[in-house]
Amino acid sequence: MNIGKPTSEQLKSLVDGLNFAQKVDRSLGLINEAHQEYGDRLVVANSLGKDSVAVWHLAKQVSPDIRGFIVTTRFKPAETVRFMKQEVARYPELKVFSSDDPLPDEKLYHTAPDLCCEILKVGPTRRAIEEMGVGCWVTGLRCTEGRTRTDYREIEERDQGLLKLNPILLWHEREVWQYLALNGVHVNPLYAQGYRSLGCWPCTHISNDPNERAGRWIGTSKCGGECGIHTRPLKGGAVF
Ligand code: SF4
C-alpha cells in the first residue's frame, strides 16, 4: 500500500489539520486501496463499539462483500450480546469467535486481567485471523482515544504477513459520532447510559475523565489500557 505512511509528527498534525469530510475520504481511500490488494483476505474486526460500527459502515461503502469477525466473551453485558445478535442477523458475513476455556480463577479479571484478556480475547482473535485466512485486518483504533493509543500508524505490520489497517486513526471521538449520526448507523444501546468505551462488564465503567478509555479496567494496573489485541502477537500462537 502506498498511501497512509506519514511520520508520527505528520499524523499528529493531520488529526487537527483535516476536516471531517477529508477524514472520511481518507478512510475510504485506505480501505479501498487495501481491498484492491487483499480482496477477500481483508476482514474487519468488529468489537460492537462506536468506532467499530463506523469502520464496518465505511468498509461496506467500499464493498458490501467485505467480511468481519466479532470476538465475544462470557463477560459481555447483556445489552452488547443483544446488539451483537442484531448485527449478525443484519450482516451474516460477521463471524463470531469466543473461548470456552476454563479460567484458573473465576475473578481473573481482578487478579490477572492481562491473562484474562489473553484467554478470552486475544486467543479467539488469533483463531479468527487463522480460520478466516486474513491477510489484512481492519480496526477502529484511534490515536486520540487514550494514553495507550498515541503511537499507532494507519498501516502496521506487527506480525509478519499480517497487515493491520487503522483507517479512522485520525478521527476525534466527536467525528465518530458525527459519522454515525449522519449515516443513521445502529449503535450499542449502552452509549445512551453514558458509557464512552465498551468492553466486558467487570472491566467497563462510566467515566467523565477526559481520557475516553478511563472507564476501562478501573482499579487494576491495566486502567485505561488495552486488552492486548493491538499489542500482542497475533500469528504463531500465544506468547505469554
Ligand atoms: S475485559 Fe475484563 S473480563 Fe473481559 S477478557 Fe479482559 S479482563 Fe477478562
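The values are calculated or read from the model by the stated rules, or taken from the named source; none is laboratory data. Quantities reported herein were computed from a predicted structural model and do not represent experimental measurements. Cβ atoms come from the backbone with ideal geometry, glycine included; neighbour counts cover every protein chain shown. Just the protein is used for accessible areas: all its heavy atoms, side chains included, with ligands, DNA and RNA removed. Shrake-Rupley method; radii C 1.70, N 1.55, O 1.52, S 1.80 Å.
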Cut-off 10 angstrom, C-alpha nodes, Gaussian network model of the chain. Which of PRO102, PRO77, PRO64 fluctuates the most?
PRO102
Short version: ³J(HN,Hα) in whole Hz for each residue of the range 56-69, in order, from phi by Karplus 6.51 cos²θ - 1.76 cosθ + 1.60 (θ = phi - 60°), x for Gly and Pro, what are they?
4, 5, 4, 4, 5, 6, 6, 7, x, 7, 4, 9, x, 9
Write down the Å³ per residue value for the convex hull defined by the alpha carbon atoms of the range 36-148.
124
Quick one: Cα centre-to-centre distance for the range 5-47 and the range 97-113, in angstrom?
34
Ordered by number, the trypsin sites (Lys or Arg not before Pro) in the range 99-140 that occupy a DSSP loop and have at most 16 other Cβ atoms within 10 Å are LYS107
What residue among GLN193, GLN36, GLN178 shows peak mean-square fluctuation when the chain is described by a Gaussian network model with Cα springs under 10 Å?
GLN193
Restricting things to alpha carbons, tell me how big the chain is in terms of Rg and Dmax, in Å.
16.8, 48
What are the ³J(HN,Hα) values, in whole Hz, obtained from phi via the Karplus relation 6.51 cos²θ - 1.76 cosθ + 1.60 with θ = phi - 60°, for each residue of the range 37-48 in sequence order, with x given for Gly and Pro?
7, 9, x, 5, 8, 8, 9, 8, 8, 10, 8, 6
Tell me, Kirkwood radius of the range 96-224 from alpha-carbon pair distances, in Å?
16.6
Which value at 222 nm does the chain reach when only helices count, each DSSP H run of 4 or more adding -39,500 (n - 2.57), with the total divided by all residues and rounded to the nearest 500 deg cm²/dmol?
-10500 deg cm²/dmol
If each residue of separation counts as 0.36 nm, what is the full-extension length gain between SER8 and ASP40 once their alpha-carbon separation is subtracted?
8.5 nm
Mean Cα-pair separation over length for the chain, i.e. relative contact order, pairs under 8 Å, 6 or more apart, %
24
Using alpha carbons only: equivalent-ellipsoid semi-axes of the range 74-131, gyration tensor based, whole Å:
24, 15, 7
Amide H proximity to THR204 below 5 Å, modelled H, separation 5+ or other chain, gives TRP217
With a probe of 1.4 Å, find how much accessible area the range 37-186 has per residue, and write the answer as a whole number in Å².
42
Under 5 Å, built H, 5+ apart or other chain: amide partners of VAL44
ARG67, GLY68, PHE69, VAL138
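Which of the GluC sites (Glu not before Pro) found in the range 105-171 are loop residues per DSSP with 15 or fewer other Cβ atoms within 10 Å of their Cβ? Walk me through the numbers before you get to the answer.
Values: sites: GLU106, GLU118, GLU130, GLU131, GLU145, GLU154, GLU156, GLU157; in loops: GLU106, GLU145, GLU154.
Listed in order of number, the matching sites are GLU106.
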